[in-house]
Amino acid sequence: MVTLLAAAGLACLGAAGLIGSHVDASGVLREPFALIAGGSLLIVASAVVAAGYLLWQGVTACFARKRRLYR
């Protein structure tokens, strides 16, 4: 799950880099803002999911250790 989110985020940022940005004839900046924002959001989401998973593993390991000590 984390790998998929991070890979999708990096793909979005890579696509935004390949597309690039330019100023058209009327002076309007054209850039793939949705890809930049979406890619950043996906990378942050993968970090949050990874941190939550590691926290959950630490808490369950802590309680499993305490349970063995009291038996």
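The values are calculated or read from the model by the stated rules, or taken from the named source; none is laboratory data. What you see is a predicted model, and the numbers here were worked out from it, not measured in a lab. Counting neighbours? That spans all protein chains shown, and the Cβs are built from the backbone with ideal geometry, glycine included. With ligands, DNA and RNA removed, areas are computed over all heavy atoms of the protein, side chains included. Shrake-Rupley method; radii C 1.70, N 1.55, O 1.52, S 1.80 Å.
How many residues are open to solvent by 100 Å² or more (accessible area, probe 1.4 Å) and either among the hydroxyl-bearing types (Ser, Thr, Tyr) or not in a helix (DSSP H, G or I) (or both) when one looks only at the stretch 30-51?
Number of matching residues: 1.
Run down LEU13, LEU18, LEU54, LEU4 and say which single residue is surrounded by 14 or more Cβ atoms within 10 Å (Cβ to Cβ) and part of a helix (DSSP H, G or I).
Residue meeting the stated conditions: LEU13.
Among the candidates ILE36, ILE19, which residue alone is of a type outside the set (Gly, Ala, Ser), on the phi < 0 side of the Ramachandran plot and touching a Pro at 6+ places or on another chain (Cβ under 6 Å)?
On inspection, the qualifying residue turns out to be ILE19.
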